[in-house]
Amino acid sequence: MRTLIAANNYATSLTELKRFGEGRSLLRKAVPVARRVKGDANETTLRLRWNYAKALYKNTAATLDDLREAATTLEEVERTARRVFGGTHPIVLAIEEFLQTARALLRAREAAEQS
């Protein structure tokens, strides 16, 4: 468990330092481990997936597919977190904000590509 939390913290730091590829790579390895060991409804698993989505959409070089994956991941994480923690839990509220941002970025990118 501590290893997964450390991986999440490190990936968060990498994302904040705009080292998106490294953070994404780390999270791509950690998320399946967390899902297998702790399950999809575990808080650490949810945080890892949430941070993976952030590493995708915060990257200014994100592709349209990256933005779609980020939005889809956040939708799944939000649904699970809401079921586990309830709709007023701070984690759920924070994930909802990130989901709104990811969706807005996705809509803007889709509109830009259509023009």
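Just one of the listed residues (Leu99, Leu93, Leu26) is out of contact with any helix residue (DSSP H, G or I) (no Cβ under 9 Å at 6 or more places or on another chain), surrounded by 13 or more Cβ atoms within 10 Å (Cβ to Cβ) and at pLDDT 95 or above, and it is Leu93.
For the condition of a type outside the set (Asp, Glu), buried (at least 19 other Cβ atoms within 10 Å of the Cβ) and not in a helix (DSSP H, G or I), what is the one hit in Ala70, Ala81, Ala62?
Ala62
For segment 53-71, the condition holds for at least one residue, the condition being that it is within 13 Å of the chain's Cα centre (by Cα) and free of Cβ contacts under 8 Å to residues at least 24 places away in the same chain. If you go through segment 40-59 and keep only what is farther than 19 Å from Ser25 by Cβ and outside any loop (DSSP other than H, G, I, E, B), you end up with Glu43, Leu46.
In the condition set (1) part of a helix (DSSP H, G or I); (2) within 14 Å of the chain's Cα centre (by Cα); (3) closer than 19 Å to Ala7 by Cα, Val37 is compliant with all but (2).
Within this structure, Ala6 fails the test of being part of a helix (DSSP H, G or I) and within 14 Å of the chain's Cα centre (by Cα).
The values are calculated or read from the model by the stated rules, or taken from the named source; none is laboratory data. These figures come from a predicted structure and were not determined experimentally. So basically every Cβ, Gly included, is an ideal-geometry build from the backbone, and we count neighbours across all protein chains shown.
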